[in-house]
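The values are calculated or read from the model by the stated rules, or taken from the named source; none is laboratory data. Note that the structure is a prediction, hence the values are computed from the model and not measured. Using ideal geometry, Cβ is built from the backbone for each residue, glycine included, and neighbour counts are taken over all protein chains shown.
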Amino acid sequence: MRILVTGGAGFIGTHVAGALHDAGHDVTVLDVLHPAAHSSPDPTFARADVRDRDAVDAALDGVDVVVHHAAMVGMGVDLADLPEYVGCNDLGTAVLLAGMARAGVRRLVLASSMVVYGEGAYQCSAHGPTAPAPRVEGDLAAGRFEPGCPSCGRRLEPVDVDEDAPLRPRSVYAATKVAQEHLVQAWSIAGAGTAVALRYHNVYGPGMPRDTPYSGVAAIFRSALAAGRAPRVFEDGAQRRDFVHVSDVAAANVLAVGVVPDGFRAFNVASGRPATVGAMAAALAAAMDGPAPVVTGDYRAGDVRHVVASPARAAAELGFTARVGLDEGMRDFATAALRS
Ligand code: UD1
């Protein structure tokens, strides 16, 4: 198939474009080449912003499937970033979808994120499935990191979050990812085509950006260890995430372009083997033979406590199962080149 990968020069997009090419597809890339990312353009590369209607129209010529990764990611610096997040992620998606409708390109794979869920799913021993209230400053400052039941205050137990969980964005980035999914759904409901949204959990691997306000925790720890410093683990280190290797994420995209859902369908893309941030730090420190992690008790406003994914739907409907486990992945990541 002929596939356009937007954002195909970024961290995840580079791996996705490479895997699609290796699977025998005819791949073209559209990417704005933010100063952070970038290799030399080749003939299948269009340097353009996804908000540029003419460039998008030209890039869509003859395309069967669009794999949409062009986006601003991460927590950002502060609210001054807000217009740029909404511009790149939501206006960009709108321009792309309108272009696809004009060009008759009817299939889309959207890079979404587990951030759409906000806090993951929880269970109260007295009240059953329960959505925690946002954590408050006083509790965090006192070292009370686990969210409590809004009805009785009991400590909640995290459970696997599946794709039918409510969308509760807790950051600007998360809000733009929810909006992307909603725009894509509206495009599909209007009869323009079908779409798969891949909700990535915490992706890491070669080519990850170095330590910036837009980087994930694995890159921050990797940069610290490379400089001989201990990873600084926030809260008590027991917060859980699902760290998924970028080669598995690329494989999920290869499977997703082969699936034509009935309208819009979202999938968790996760390893299915959650780890605490403390355990991830320890695995990476061991792999790099560096100083042991330090648990600081610091916390960040807006951070969620646990997000643990159910990988069941992606296994059943995409045939996706992650191959790379945490220790093996961290050994690979320990020596991988990062993006400066
Ligand atoms: C991350 C990404 C988000 C992406 C999602 C799914 C960032 C900033 N966040 O969300 O964009 O959509 O994964 O792939 O890229 N922590 C430390 N020490 C540090 C920094 C962070 O202990 O120096 C902790 C945080 O407090 C948090 C955990 O590590 O508990 C994960 O943080 P982070 O990687 O920033 O992001 P997520 O919120 O999981």
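General remarks:
- Some residue of segment 273-285 being within 17 Å of the chain's Cα centre (by Cα), buried (at least 23 other Cβ atoms within 10 Å of the Cβ) and outside any strand (DSSP E or B): yes
- With respect to being more than 20 Å from SER340 (Cβ to Cβ) and either within 8 Å of the ligand (Cβ to nearest atom) or not aliphatic (A, V, I, L, M) (or both), ARG199 fits the description.
- Residue within segment 186-195 that is in contact with a helix residue (DSSP H, G or I) (Cβ under 6 Å, 6 or more places away or on another chain), assigned to a loop (DSSP other than H, G, I, E, B) and touching a residue at least 40 places away in the same chain (Cβ under 8 Å) present: yes
- So THR176, is it surrounded by fewer than 19 Cβ atoms within 10 Å (Cβ to Cβ), touching a residue at least 60 places away in the same chain (Cβ under 8 Å) and within 11 Å of the ligand (Cβ to nearest atom): no
- Any hit, segment 214-226, residues being farther than 21 Å from VAL277 by Cβ and either out of contact with any strand residue (DSSP E or B) (no Cβ under 7 Å at 6 or more places or on another chain) or within 15 Å of the ligand (Cβ to nearest atom) (or both): no
- Considered as a group, the residues in segment 201-248 that are among the polar types (S, T, N, Q) and in a loop (DSSP other than H, G, I, E, B) include one that is modelled with the lowest pLDDT, and that residue is THR212.
- Tally of residues being part of a loop (DSSP other than H, G, I, E, B) and either surrounded by fewer than 18 Cβ atoms within 10 Å (Cβ to Cβ) or of a type in the set (Phe, Trp, Tyr) (or both) across segment 140-159: 9
- Counting the residues of segment 261-272 that are among the aliphatic types (A, V, I, L, M) and either part of a helix (DSSP H, G or I) or more than 15 Å from the ligand (Cβ to nearest atom) (or both) gives 0.
- Checking ALA186 against (1) surrounded by fewer than 17 Cβ atoms within 10 Å (Cβ to Cβ); (2) touching a Cys at 6+ places or on another chain (Cβ under 6 Å); (3) aliphatic (A, V, I, L, M), the condition it does not meet: (2)
- Contact annotation: residue pairs with Cβ atoms under 8 Å, 6 or more positions apart or on different chains, pairing a residue in segment 80-104 that is more than 15 Å from THR194 (Cα to Cα) with a partner that is in a helix (DSSP H, G or I) and at pLDDT below 95, are ASP81/VAL172; LEU82/VAL172; TYR85/VAL172; TYR85/TYR173; VAL86/VAL172; ASN89/TYR173.
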